[in-house]
Amino acid sequence: MLEMKHIFFGVEDEGSEKEIIRDISLSLPKGKLAVITGPNGGGKSTLARLIAGIEKPSSGQILFNGQDITSWNVTERARAGIAFAFQQPVRFKGIQVLDLIRLASGKKLSAADACDYLSRVGLCARDYIDREVNASLSGGELKRIEIATVLARNAVLSVFDEPEAGIDLWSFQNLIEVFREMRESVKDRSILIISHQERILNIADEVIVLRDGRLVSQGERNEVLPGLIGTAAAVKECPKTFPGKGGNEPC
């Protein structure tokens, strides 16, 4: 499915390069739900953006279904079957929700089919289907609409960057059920979620832990999760600290 080999990524900082991702090699198997967790600033979202093609690695190689996609842009990766949901969704002034879901699916969905995707993320479809994706929508509403577009994509690999951000508690539980359904209904496709939340970690097949831009551990949930429970990498509500090399780090 997806393989990353010796990935490095850095940004310019006062005339020198600051490393954010440091020699990460990992693989995501087909048909699995994987969760990347770890302290804030550990490189989780950056790694997701590298997978989506929003950022390009300084060095290393990214393979998707055996093909080298390291130099591919976002559009090329989307066409190959990689979908990405931002932590802070983009607003599209002048585009209605129905049109956005149709664009994501790549076909002319009926309004009823589009409404089904909205219902799955906890939105009353008749209240949203004809609305513009603009500033009139709250952050939580935008997040759920974006997740609906990812569902409509039916991508080979769906990447979600902290999908719980801005989501109320009821909708969060609904979101967990969406991920359960995705994992159980599409065996040949994979899901990658960036999250601290214990309830999301609890439905993962694999857990990947990053710290200081490095891969700390990767394995099946039952192997990795016991060591994380009680830390801020696995909390039911808002994480506050995560054990780091210098003690508890703020989340």
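None of the figures in this text is laboratory data; all of them are computed from the coordinates on show. Predicted model only: the values in this text are computed from it and were never measured. Cβ atoms come from the backbone with ideal geometry, glycine included; neighbour counts cover every protein chain shown.
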Item to check | Nearest-0.05 FRET efficiency for residue 136 and residue 80, computed from C-beta distance (R0 25 Å) | outcome: 0.15
Next on the checklist: Using Cβ counts within 10 Å as a stand-in for footprinting exposure, how do 99, 68 rank, fewest first?
Outcome noted: 68, 99
Checklist entry - Which pairs, out of 30/107; 5/107; 107/143, put more than 29 Å between their alpha-carbon atoms? => result 5/107
Item to check | Residue order, fewest to most beta carbons within 10 Å, for 11, 74, 121 | outcome: 11, 74, 121
Checklist entry - Over the chain, what is the percentage of antiparallel beta bridges among all DSSP beta bridges, to the nearest 5? => result 60 percent
Checklist entry - Taking the Cα centre of each part, how many Å lie between segment 152-220 and segment 85-103? => result 21 Å
Checklist entry - Per residue, what volume in Å³ does the Cα convex hull of the chain take up? => result 134 Å³
Next on the checklist: Under the rule a/c < 1.5 gives rounded, and otherwise a/b versus b/c splits prolate from oblate, where does segment 61-210 land using the Cα gyration tensor?
Outcome noted: oblate
Checklist entry - What is the fewest-to-most order of 14, 206, 76 by other Cβ atoms lying within 10 Å of their Cβ? => result 14, 76, 206
Item to check | Net charge over other residues, Cβ less than 13 angstrom from the Cβ of residue 187 (K, R count +1; D, E count -1) | outcome: 0
